[in-house]
1. Picking from Met96, Met154, Met60, which is most flexible by a Gaussian network model of the chain using Cα springs under 10 Å?
2. List residues of segment 187-201, by number, whose backbone nitrogen lies under 20 Å from a label position 7 Å along Cα→C-beta of Met108.
3. Calculate how steeply helix 13-25 sits against the longest principal axis of the alpha-carbon atoms of the chain, using the helix alpha-carbon long axis, and give the answer as 0 to 90 degrees to the nearest 10.
4. Over segment 23-80, with the other protein chains present, what is the accessible area per residue in square angstrom, probe 1.4 angstrom?
5. Measuring from centroid to centroid over Cα atoms, what is the spacing of segment 216-233 and segment 5-63 in Å?
6. Using 0.36 nm times the number of residues separating Lys30 and Met1, minus their current alpha carbon distance, what extension gain do you get?
7. Measure nothing but the geometry: give the 0 to 90° angle between the long axis through the Cα atoms of 78-91 and the longest principal axis through the Cα atoms of the chain, rounded to 10°.
8. For segment 20-58, run through the trypsin sites (Lys or Arg not before Pro) and keep only the ones in DSSP coil with at most 14 other Cβ atoms within 10 Å of their Cβ.
Amino acid sequence: MVLAVISDIHANLEALEAVMRDIEQCKADKIICLGDTVGYGPDPAPCLDLVEKTCDVRLMGNHEYAVIGKLSPQQINRTAKISLSWTHDQLADTAMPRITDLPLAASMNDLYFVHASPWEPDKWRYVLSPGEADVAFKHFEQRVCFNGHSHIPMIFALGDDHVRRQAGHSFQPNEETRYIVNVGSVGQPRDNDPRACYVTYDTTEDEVLFHRIEYDIAKAQHKMKQAELPAMLIQRLQTGV
Ligand code: ZN
């Protein structure tokens, strides 16, 4: 079976469509979306529609959590606040009930899926260091956890009671080792590579693979300008920072 795992689309329809075309070519059997489908970008409703139509598992991200009013204002930075109130206006009425019931985490055999850290998923902690990963490993039982949230693709491996960060764009999970795999961001990458990012896991070949996909960044930026979204959010699509 081939699983495709996507996260942090952030209302970037151009990036999402490009990723979906690539996933089709990979012949994925299941698509899992780890949340933050909305927020920052210009197309929250069309992205929710496409995710609903194509994904087998859909999780809650902190941006969905904020849009439905469950995050306190102190937990949200100024730029995010502007885009959230804009997103809220776009989604009013019809889309809101579709976000409200999204689960915070899901599992499938020996795989676990969550938006941020497995440690209290509704606290939206980052897993960026081996120390943070060490704590996170204690809060799920499965062999591999896929997460997002930081928009930075990363692999942490736990073997012999020791967590290390693993480099590379693909790996074959070792039987004796547990993993936390950050699948990066479809719609707002922050690892100095502006291309959309997602991950496939081929369970037959036992291979995890990161994919980087070019998309029409200028078109997404143009839509954001027309929607008068913050300039910093428009600029960062180009730089991937
Ligand atoms: Zn995000």
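1. Met96
2. Those under the cut-off are 187, 197-201.
3. Approximately 40 degrees, to the nearest ten.
4. Here the residues of segment 23-80 average 44 Å² of exposed surface.
5. For segment 216-233 versus segment 5-63, the Cα centre distance is 19 Å.
6. Net length gain for the segment: 9.6 nm.
7. For 78-91 against the chain, the angle is about 70 degrees.
8. Of the trypsin sites (Lys or Arg not before Pro), the ones in loops of segment 20-58 whose Cβ has at most 14 other Cβ atoms within 10 Å are Lys27.
The values are calculated or read from the model by the stated rules, or taken from the named source; none is laboratory data. All figures in this text were calculated on a predicted structure; none of them were measured in a lab. Counting neighbours? That spans all protein chains shown, and the Cβs are built from the backbone with ideal geometry, glycine included. In case anyone asks, the SASA skips ligands and DNA or RNA and just uses the protein heavy atoms, side chains included. Shrake-Rupley method; radii C 1.70, N 1.55, O 1.52, S 1.80 Å.
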